[in-house]
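The values are calculated or read from the model by the stated rules, or taken from the named source; none is laboratory data. Quantities reported herein were computed from a predicted structural model and do not represent experimental measurements. Cβ placement follows ideal geometry from the backbone for every residue including glycine, while neighbour counts extend to all protein chains displayed. Note: accessible area is taken over every heavy atom of the protein model, side chains too, but ligands, DNA and RNA are not part of it. Shrake-Rupley method; radii C 1.70, N 1.55, O 1.52, S 1.80 Å.
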Amino acid sequence: MKSLSQGGKVILVGAGSGDPELITVKGMRFLQQADVILTDRLVSPEIINSFASPTAKVIFVGKQCRRGTSTPQATINELMVLYAQDEKLVVRLKGGDVSIFSNILDELETLVQHGIPYEIVPGVTAALGAAAYAGMPLTARGYSTAVRFLTAYKSDVVSENYWKELAQTEDTLVFYMSSETLANVVGQLTKNNIAPDKLLAVVEQATTPFQRVYTSSLYDYENKLSEQKFLSPTLVVIGRVVALQAQFQWLQASPEPVEYFRSEVAVNNENEQLALTA
Ligand code: SAH
């Protein structure tokens, strides 16, 4: 087969939500062929170990919302350009799906500006991974006919009017990046009289060996969950469908909560260290 690295190219690949087997066959194939892999924090380390070529350069460009070290977006953009211009096949591996709460727009604009060819390979976003592994359909006859992917990572990203609408809607609500602001999410929805039969599920480290699911009525949150410290990453699902989880959960909760994802930026050799600090 003709080498795909001829001419240099960037493939933006969704790695799936944790379980390494949730990557697509197409994503896996590109990983096997990649000369350079720029990978996110929320990508299973096993994906790289299992699928990347042993000769590939693997560069961790982890990003964290609030704590820890982050690789600036500009550096990630530079690395993509640098290696693609050096005729390499670059895989930019992102947790979940590439188009949900990721900085893909920045990366696409950079690639277009530099005339670098690229492809986009989708992945299983956290909402879909969590729904499957928690045993909780996001839409279900008699429960909900639509689902919304949201974030409330800061208190002001959702307006007062929109909170009112979110409290009234029959849609299932999935909040990304919102575990640290969960008290505010619950407070806004209960203040706006969300129906008591709409429940809350917090899915910690979904689709990993350390997945845990905590459920509660929103009105019991204060008593039941407000003291709980959740391990990152955590997804919040709100709606009537959460009640189905009790019946259809098929995965046993992990015995001990342990962090699955790498929490700091690591670099595998000195050259990349230089590239990252340049
Ligand atoms: N592109 C990713 C989302 C990136 S935003 C995707 O499509 O899934 C990061 C947020 O995603 C986290 O704060 C968390 O809310 C959610 N997330 C990602 N992986 C997760 C997992 N395995 N379990 C629970 N939540 C997860």
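Observations on the structure shown:
- By definition, a body whose alpha carbon gyration tensor gives a ≥ b ≥ c is rounded when a/c is under 1.5, and the range 9-124 falls into this rounded group.
- Simple label model, 7 Å out from Cα along Cβ direction - residue 86 to residue 228, nm: 4.6
- Excluding ligands, DNA and RNA, the accessible surface per residue across the chain is 48 Å² with a 1.4 Å probe.
- Rounded if a/c under 1.5, otherwise prolate or oblate - the range 131-175, Cα gyration tensor axes: oblate
- Taking 115, 187, 16 in turn, the Gaussian network model of the chain (Cα-Cα springs below 10 Å) assigns the largest fluctuation to 115.
- Of all DSSP-defined beta bridges confined to the chain, some 45% are antiparallel rather than parallel.
- Residue 58 long-range amide H proximity, modeled H, under 5 Å: 37
- Given charges at beta-carbon only (K, R positive; D, E negative), |dipole| of the chain in Debye: 340
- Distant-in-sequence amide H partners of residue 119 (H built 1.01 Å from N, under 5 Å): 10, 11, 12
- Note: relative contact order over the range 129-208, using C-alpha pairs below 8 Å and six or more positions apart, is 36 percent.
- Among beta bridges identified by DSSP and lying wholly in the range 9-124, the antiparallel ones come to about 5 percent.
- Summary of packing: across the peptides 7-14, 91-98, the per-residue average of other C-beta atoms within 10 Å ranks them, highest first, as 91-98, 7-14.
- Apportionment of accessible area to carbon and sulfur, the chain, percent (1.4 Å): 52
- Residue among 42, 189, 89 with the largest mean-square fluctuation in a Gaussian network model of the chain, springs linking Cα atoms under 10 Å: 189
- The range 127-248 - share of DSSP beta bridges that are antiparallel (%, nearest 5): 75
- Of the cross-linked pairs 26/229; 94/164; 9/229; 191/229; 57/154; 26/154, those separated by over 30 Å at the C-alpha level are 26/229; 94/164; 9/229; 57/154; 26/154.
- Annotation: peptides 172-183, 217-228, 238-249, ranked by per-residue average of other Cβ atoms within 10 Å with the highest first, follow the order 172-183, 238-249, 217-228.
- Other-chain or far-sequence residues with amide H under 5 Å of residue 125's (modelled H): 97
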